[in-house]
Amino acid sequence: MPLVGLLAKGNQGAQEAAAGALWWLATDPKICDAISKENAIKPLAALIRNNAPAKEQAALCLSVLATASTDNQGEIARELVHMMSTGTPSQLECASQVARDLALETGGNHALDEAGAIPFLVQQIGQGTDQASENSARALAQVACVSDNCRSTITHQLISVRHAATSIAPDLKVAARAARALKSMNAEEDEHSAQAVGMAILLFRIHTRD
C-alpha cells in the first residue's frame, strides 16, 4: 500500500522507484494480486502521462498486472484508450507497448476490442513513431482474432490508411507500415477469416471505386 501511495503522492524520483519496485514485485502472482487490490492501475497510467522518467517502469508494471485478472485487463484497456486519444508521441509509444503485451494475454485482445482501441491502434500505424507502429501492428494482429467482424474492421481501416498513403497524401513509409500490419494480421488466418477479409477489401474497393 505505501508503494502504491507513492505513485500518486511521491516526487518524481520516488514515483519512478515505486513503479520499478511494484513491477519487480508483480512478477510473483500472489503479490501481483495484492497490487491489483490496492488499485494501482490508474496511478500507473497517470505516471505514463505525467512523469517521463517513470513511464517505462509504469508501462512494464501495467503489462504484468494484465496477467492477474480480466478485471485488470478491462481497466488497463480503458486507460490505454484514454491515453491514445490524448497522449504525446512518447506516451503513445508506451501505451502501444502495453497494448501489445495486453493483446498477447488470454482475454486481453477482447478487452482492447471492448474498450474501443482499434481505431487508436490503427492511427499509430499512420501517425506514430516506428516503435509505436510496430507495437500497434502486433496488438492489432491479436485483436483481429477476437472475431471475423474485428478482422474485417481492422482490415478495412488499414487498407484506408494504405490507400491514403499511396494516393491521397503520398507517404511510402506509412504505406509500407500498413502493408506490414496487414501481412502480420493475416499470417495465421483460417479460410473462414480469409473470406471475411476478402469481403472487407471488396466493400472498400466499391466504396472508393478503386
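Look at the Cα gyration tensor of the chain: its axes a ≥ b ≥ c give a/c of at least 1.5 with a/b over b/c, and that counts as prolate.
With +1 on each Lys and Arg Cβ and -1 on each Asp and Glu Cβ, and nothing else charged, work out how big the dipole of the chain is about its Cα centre, in Debye to the nearest 20. Walk me through the intermediate numbers first.
Numbers: 17 positive and 22 negative charges, 117 e Å.
Charge dipole of the chain: 560 debye, to the nearest 20.
Take the alpha carbon gyration tensor of the stretch 58-122, find the square roots of its eigenvalues, order them as a ≥ b ≥ c, and report rounded if a/c is under 1.5; if not, report prolate when a/b exceeds b/c, else oblate.
On the way: a/c = 1.89, a/b = 1.31, b/c = 1.44.
Taking the square roots of the gyration eigenvalues as a ≥ b ≥ c, the stretch 58-122 is oblate.
In whole percents, the pair-distance distribution calculated for the stretch 80-173 from its alpha-carbon pairs, binned every 10 Å from zero, is 18, 51, 28, 3.
Per-residue ellipticity at 222 nm computed for the chain from its helices equals -25000 deg cm²/dmol, with DSSP H segments shorter than 4 residues left out and the rest contributing -39,500 (n - 2.57).
Between the stretch 115-136 and the stretch 1-17, what's the alpha-carbon centroid distance in Å? So the two Cα centres are separated by 29 Å.
Rule-based calculations on the coordinates, nothing more; no lab input. The structure presented is a predicted model; accordingly, all values stated were derived computationally and were not measured. Cβ: placed from backbone, ideal geometry, glycine included. Neighbour counts: every protein chain shown.
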